[in-house]
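Everything on this sheet refers to the single structure shown next.
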Amino acid sequence: MGGNDPNHDLGPDDIEVGNLEALGDDSVDTDLLKDDDEPIDELDTTSRRDDPTGKQLGLMCVDPNEGTKTPLQVKTAHNVVDTHVSIQKGVNLAGNSLRGALPPAFPPRLRVLNLSSNALSGEIPASLCSCTELKFLDLSGNRLNGSVPAVVGGLPRLRQLDLSRNLLAGSIPSALGSCTQLRSLRLFSNMLDGSIPPELGRLSKLRVLDVSGNRLSGLVPRELGNCSGLSVLVLSSQFDAVKSHEFNLFEGEIPESVTALPKLRLLWAPKAGLKGNLPSNWGSCQSLEMVNLAGNLLAGVIPRELGQCRNLKFLNLSSNRLSGSLDKNLHLHCMDVIDVSGNKLSGSIPASANKECASQQPLDGVTSGYSSPFMSRAVAQLSLGYCESGECSVVYHNFAKNKFGGRLTSLPVSAHRYGNRTLYALILDHNNFTGSLDAILLEQCSNLNGLIVSFRDNKISGELTEEICSKCNAIRVLVLAENQISGVLPANIGLLGALVKMDISKNFLVGQIPASFKDLKSLKFLSLAANNITGQIPSSLGQLKSLEVLDLSSNSLSGNIPSNIVTLRGLTTLLLNNNELSGNIADLTPSVSSPSVFNISFNNLAGPLHSNVRALSENDGSPEPENTPSGGGGFTKIEIASITSASAIVAVLLALIILYIYTRKCASRPSRRSNRRREVTVFVDIGAPLTYETVVRAAGSFNASNCIGSGGFGATYKAEIAPGILVAIKRLAIGRFQGIQQFQAEVKTLGRCRHDNLVTLIGYHLSDSEMFLIYNFLPGGNLERFIQERTKRPIDWRMLHKIALDVARALAYLHDNCVPRILHRDVKPSNILLDNEYTAYLSDFGLARLLGNSETHATTGVAGTFGYVAPEYAMTCRVSDKADVYSYGVVLLELISDKKALDPSFSPYGNGFNIVAWACMLLQKGRAREFFIEGLWDVAPHDDLVEILHLGIKCTVDSLSSRPTMKQVVRRLKELRPPSY
């Protein structure tokens, strides 16, 4: 390479974009090439910015014997490498944004081919089989489709094969078992299906096998136990077994032959569908360092043989069905990470032993590419952001949601882990532990850089003492909710300067809130709810600029609410309900940054509720003051006492009198009730009065001639309220909704949603006989009609991109910016409206929730429409934002193609074939151009079109964790934005 040529000095305008000797964890393992007896010709990937020709990127072919350089021609318009490549033996063009297809032929003496992290597309050419000397092949991080060519099995000297992070489909070819020199096989993050071929068991020299992030099934072959050199086995790659979803879904147990592999260091298979008991022959894995089997269906006990794996640093068995107790020889105190939460384990946690822990084993080049990043990524997630990179080492022990018990007397962590760089997290939530708080914390807390303790829902007793506050100032998270903590909060609580979260709710605290809380400058979450705390709320809490959540509800607090707390910037949740607070509500003047959740109900507050506060909460603030009229016909205390103490005759007489009065009142109520029935609640002023009569009249009494659309929620009517003022009235079907109060609360939430790409909810009417919603009228019709009629107008790539971005922005707002967040659940073209400028507006958001479990559209028990409903939602009715992402992906594919979600032309392919399957099929066959609307390929950048197609497919993958969020979709669409808008 140019960097190795003594006659070549890198100037200030040279950019080094690749180096064979230092490619990092994901590139060439140079150990695999040490037996070469002749140098390998390489490509210098140094790019010159000042190239006067504009024809090349400064890429040079370097002859190692003569030192001569031959320029490698590159078409800079599309960064496509000229296919007329000479006889290089080593080609490294990683990370150069190269596009286009792979060359149809390669130099037969090629030994190293690294084209990773580019934008190459098309299929992997079968001509690679002619490169019989090839040892290293890395095509990862591209857009390659088709299948893994079986001819790769004809490369006898191949040692490292990386095809990860592409769009490859089909099965893993059994012919790979013929590559007997193979050390590393990485196929993760593709769309491969079928099972792992047992022929891979012939690869006795294999060190790394990673097939995660695909669509694999079947049994884990026991023949993998013949891979005696196997060090890393990754069957699925998720880090959070509860929140994420790995599509690989295997069957059966973990083969004992796998856990008997003598060199195995990393076994990673969370949420992989594994069942049965854990193997009992772990004692053979003396090198074992990391095991992640979380989120499977494993049962039985944790085998005591795991205790023989002295080098084990990471063990995650969470969210399984394991029972029994933890063996005392398991070396828990030596593990960096142990997570057995969410099982049925019982007994006590073994005490920390005095034995020294095993020292870290040196890592070879292949294994270090997994063990270190996997540990770093897992620990980064488990540390909850409380430990910055390089700031400290993390020890994470999670025993939550089991049946553990016994008395805790100390923190179960080895003394050798103490030090000012260790962050220790101990999670014991939802167990039956007992013990005194000071005895648990005081012995070791002063020796740590940081301490996270979460003991929610146990039987921990004692007090939060001044000694704890003075000695344990490294505590960053202290969760003691639902225990038996008593006493008063110490006056020196401000010494816990590192505290970020404190939750001591539902205990037996008394006394007042110390003013020294103001010194907790990092505090973001504080909950002292459901205790018996008295006194006033100290105004010094208003100095906590980092505070986001403050919950002091269900105590005996009195006095006024400090105004500087209500206006605290950054505070999102303020709960002060169920206390004895007093004062005038009008004195609470919220700002723009006031809490989105604000509850002051059930206090002794008086006065009118400030309009801004009313908009922040569906609660009424507090019960009506005693001096306001009740508006009802209830009895007074004297009347009640008289009735209960009177004789039966007097009681009957009073009852008759009361009945007469009640009848008179009821006779006068119909007019008032009728008035209420005809009320229209208005959220937005449109410049004309909105009354029931006006709306109904403008809609022609909901005559069919005014109907502009209908769907599962009801029909929509066009109405001209005043000259030039048009609205759309969505008349809802009576009886579809679960309750008046719930309906009103939901509609008020929707009425607060404001976004440039959401249809504006102007107001609503609700009564026993009529329900309708009032929206702004959009004259451009809906996207469904736009798609049907687009042959009548010229193809405009900018317009299509803008519509896609508008809808993505609207969904991102609903998912990430609304409080509470709103899931649409029925994203489809007919629910996307357009104005005359073709700006897109999402409609019907939130209405699926109003319907509850009612039957709507073409589905039963599921809100949504066939063809657009995410598979997991259709099968399980589980609602998530990723279901909206799936629906959006289908709409995006429709927008850029000439097919419907369930197009009639798909019928020859059989049931279940839809636009998603069609897109994947064309990509796999290298025929992406056929997917797009006729003419679009001629007017839009091809690379951007393919990127949009990839984005649509990414949104519709079955794996929830692999689908992007709508915020990520917006970001990607912005990157692909045409330059003219």
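The values are calculated or read from the model by the stated rules, or taken from the named source; none is laboratory data. None of these values were measured; they are calculated from a predicted model. Cβ: placed from backbone, ideal geometry, glycine included. Neighbour counts: every protein chain shown.
How many of the residues making up the stretch 948-958 are more than 26 Å from residue 817 (Cβ to Cβ) and either of a type in the set (Ser, Thr, Tyr) or over 17 Å from the mean Cα position of the chain (by Cα) (or both)? Step through it out loud before you land on a result.
Initial filter on the stretch 948-958 (more than 26 Å from residue 817 (Cβ to Cβ)): 949-950, 953, 958.
The next check asks that each one be either of a type in the set (Ser, Thr, Tyr) or over 17 Å from the mean Cα position of the chain (by Cα) (or both); those that pass are 949-950, 953.
Of the residues in that region, 3 qualify.
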Quick check: anything in the stretch 508-527 in contact (Cβ under 8 Å) with a residue 60 or more places away in the chain and closer than 23 Å to residue 480 by Cα?
no
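Could you go through the stretch 432-442 and let me know if any residue there is in a strand (DSSP E or B) and on the phi > 0 side of the Ramachandran plot.
Yes - at least one qualifying residue is present in the stretch 432-442.
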Flagged pairs (Cβ under 7 angstrom, 6 or more apart or on separate chains; first in the stretch 680-698, at negative phi and surrounded by fewer than 18 Cβ atoms within 10 Å (Cβ to Cβ); second aliphatic (A, V, I, L, M) and in a loop (DSSP other than H, G, I, E, B)) are 682/690; 691/680; 692/680
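Could you list, in sequence order, the residues of the stretch 677-699 that are out of contact with any Asp or Glu (no Cβ under 8 Å at 6 or more places or on another chain) and under 15 Å from residue 730 (Cβ atoms)?
If we filter the stretch 677-699 for residues that are out of contact with any Asp or Glu (no Cβ under 8 Å at 6 or more places or on another chain), which is where we start, we get 679-691, 693-697, 699.
Passing the criteria: 680, 681, 683, 690, 695, 696, 699.
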Filtering the stretch 247-279 down to residues that are at pLDDT 90 or above and of a type in the set (S, T, N, Q) yields 257, 259, 277
Considering the stretch 765-787, residues that are in contact with a strand residue (DSSP E or B) (Cβ under 9 Å, 6 or more places away or on another chain) and over 30 Å from residue 804 (Cβ atoms), and then whichever is surrounded by the fewest Cβ atoms within 10 Å (Cβ to Cβ), we arrive at 770
For the stretch 904-932, pairs from a residue that is closer than 20 Å to residue 866 by Cβ to a residue that is in a helix (DSSP H, G or I), with Cβ under 6 Å and 6 or more apart or across chains, are 913/906; 915/893; 919/893; 919/931; 919/953
Restricted to the stretch 728-754 and to residues being at pLDDT 85 or above and either out of contact with any Leu (no Cβ under 8 Å at 6 or more places or on another chain) or farther than 23 Å from residue 780 by Cβ (or both), the residue surrounded by the most Cβ atoms within 10 Å (Cβ to Cβ) is 731
Worksheet item: Within the stretch 792-812, is even one residue without any contact (Cβ under 8 Å) to a residue 40 or more places away in the chain and assigned to a helix (DSSP H, G or I)?
Response: yes
Note to self: Against the definition (assigned to a loop (DSSP other than H, G, I, E, B), modelled with pLDDT of 50 or more and either under 34 Å from the mean Cα position of the chain (by Cα) or closer than 28 Å to residue 750 by Cα (or both)), how does residue 594 come out, yes or no?
What the structure shows: yes
Residue set 923, 949, 892, 960; condition in contact with a strand residue (DSSP E or B) (Cβ under 6 Å, 6 or more places away or on another chain), closer than 30 Å to residue 236 by Cβ, assigned by TED's automatic domain parsing to the domain that holds residue 830 and not β-branched (Val, Ile, Thr); output residue 923
Of the listed residues (205, 271, 275), the one being free of Cβ contacts under 8 Å to residues at least 60 places away in the same chain, surrounded by fewer than 22 Cβ atoms within 10 Å (Cβ to Cβ), of a type in the set (Lys, Arg) and closer than 24 Å to residue 959 by Cα is 275
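Taking the stated definitions as given, is residue 167 outside any helix (DSSP H, G or I) and at pLDDT below 95? Outline the logic, then answer.
Numbers: outside any helix (DSSP H, G or I): yes; at pLDDT below 95: yes.
Yes; evaluated as a whole, the condition is true for this residue.
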Condition set among the polar types (S, T, N, Q) and over 26 Å from the mean Cα position of the chain (by Cα), scope the stretch 439-456, selection modelled with the highest pLDDT: answer is 449
Taking the stretch 806-830 and keeping only residues that are in contact with a His (Cβ under 8 Å, 6 or more places away or on another chain) and either among the basic types (Lys, Arg) or closer than 23 Å to residue 867 by Cβ (or both), one is left with 809, 810, 811, 814, 821, 822, 823, 826
In the set 544, 568, 557, the lone residue that is in the same structural domain as residue 596 (by TED's automatic domain parsing) and either in contact (Cβ under 8 Å) with a residue 40 or more places away in the chain or in contact with an Asp or Glu (Cβ under 7 Å, 6 or more places away or on another chain) (or both) is 557
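Given the condition among the polar types (S, T, N, Q) and either assigned by TED's automatic domain parsing to the domain that holds residue 797 or under 20 Å from residue 170 (Cβ atoms) (or both), answer yes or no: does some residue in the stretch 972-981 qualify?
Within the stretch 972-981, none of the residues are among the polar types (S, T, N, Q) and either assigned by TED's automatic domain parsing to the domain that holds residue 797 or under 20 Å from residue 170 (Cβ atoms) (or both).
Might you check whether a residue that is touching a helix residue (DSSP H, G or I) at 6+ places or on another chain (Cβ under 9 Å), assigned to a loop (DSSP other than H, G, I, E, B) and among the small types (Gly, Ala, Ser) occurs anywhere in the stretch 140-147?
Within the stretch 140-147, the subset touching a helix residue (DSSP H, G or I) at 6+ places or on another chain (Cβ under 9 Å) is 143, 145-147.
Pick out the ones that are also assigned to a loop (DSSP other than H, G, I, E, B) and you get 146.
From what's left, among the small types (Gly, Ala, Ser): 146.
Taking every residue of the stretch 140-147 in turn, at least one turns out to be touching a helix residue (DSSP H, G or I) at 6+ places or on another chain (Cβ under 9 Å), assigned to a loop (DSSP other than H, G, I, E, B) and among the small types (Gly, Ala, Ser).
Does residue 134 satisfy being over 16 Å from residue 187 (Cβ atoms) and part of a loop (DSSP other than H, G, I, E, B)?
Working: over 16 Å from residue 187 (Cβ atoms): yes; part of a loop (DSSP other than H, G, I, E, B): yes.
Considered against the rule, which asks whether it is over 16 Å from residue 187 (Cβ atoms) and part of a loop (DSSP other than H, G, I, E, B), residue 134 comes out as yes.
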Residue count, the stretch 495-526, condition surrounded by 20 or more Cβ atoms within 10 Å (Cβ to Cβ) and in contact with a Pro (Cβ under 9 Å, 6 or more places away or on another chain), comes to 2
